[in-house]
Amino acid sequence: MSMTAKQKEWVKAHPDRIKRYAAKWRAQPKTAAYFLKYAEEHRTAIRANKAKWQKNHRPYFQEWNRRRRYRIAETPNTRRFYEFVRSKALIPCYYCGRYINGKKAHVDHVFALSKTGNHSVENLCVSCPDCNTRKATKLPSELRFLPQPLLNL
């Protein structure tokens, strides 16, 4: 179904109203469930479309990857932090305090790289896989984690 010229003009004239309506529509619980179900059922088509889009917008992704690599640039201290975590038999999770095997522990950014966090030892912590996946890119305060003291090298 295509839009008429009059409808297109209205859309151009009212972008803020359209954004508000779309946000309200997406926030509905049944909408989120619909999108999750759709994503599960159409996973291969979604991946193919994403790959096609990335191929057609190559300069954008090259720049995005360059910035990410710059933010994650290895430093001697971060390397030592990873080695320290992997060498421990048991190490506490920063978020829940549960002890986990150092080889299975995740090294997490307290402030996510996507939210202007940096890849420095001061921003790294050890977390169990459950807490790390639950946290994703959120701040610890958003999830009411009980922070433990940071590890000292």
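The values are calculated or read from the model by the stated rules, or taken from the named source; none is laboratory data. In this text, all values refer to a predicted model and were calculated from it rather than measured experimentally. Positions of Cβ are generated from backbone atoms using ideal geometry, with glycine treated the same way; all protein chains shown enter the neighbour counts.
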key: the stretch 72-91 - residue that is charged (D, E, K, R) and surrounded by fewer than 14 Cβ atoms within 10 Å (Cβ to Cβ) and, of those, farthest from C131 (Cα to Cα)   = E74
inquiry  = Is it the case, given these coordinates, that Y94 is outside any helix (DSSP H, G or I), surrounded by 12 or more Cβ atoms within 10 Å (Cβ to Cβ), aromatic (F, W, Y) and over 18 Å from the mean Cα position of the chain (by Cα)?
reply    = yes
task = Please indicate, with yes or no, whether at least one residue in the stretch 45-59 is surrounded by fewer than 14 Cβ atoms within 10 Å (Cβ to Cβ) and either closer than 29 Å to S141 by Cβ or in contact with an Asp or Glu (Cβ under 8 Å, 6 or more places away or on another chain) (or both).
result = no
Residue in the stretch 28-43 that is loosely packed, with under 10 Cβ neighbours inside 10 Å and small (G, A, S) present = no
request  = Go through the stretch 111-135 and give me each residue that's modelled with pLDDT under 85, within 21 Å of Y82 (Cβ to Cβ) and exposed (fewer than 12 other Cβ atoms within 10 Å of the Cβ).
outcome  = S114
note = Filtering the stretch 51-80 down to residues that are in contact (Cβ under 8 Å) with a residue 40 or more places away in the chain, over 22 Å from the mean Cα position of the chain (by Cα) and in a helix (DSSP H, G or I) yields N77, R80
query = Using beta carbons and a limit of 7 Å, which pairs, at least six apart or on different chains, have the first residue in the stretch 104-117 and of a type in the set (K, R) and the second one assigned to a loop (DSSP other than H, G, I, E, B)?
reply = K115/T137
query = Name the pairs whose Cβ atoms lie under 7 Å apart, with the first residue in the stretch 25-43 and assigned to a helix (DSSP H, G or I), the second of a type in the set (S, T, N, Q) and surrounded by 10 or more Cβ atoms within 10 Å (Cβ to Cβ), and 6 or more positions between them or separate chains?
reply = W25/T31
query = A89: aliphatic (A, V, I, L, M), farther than 28 Å from G117 by Cβ and not in a loop (DSSP other than H, G, I, E, B), yes or no?
reply = no
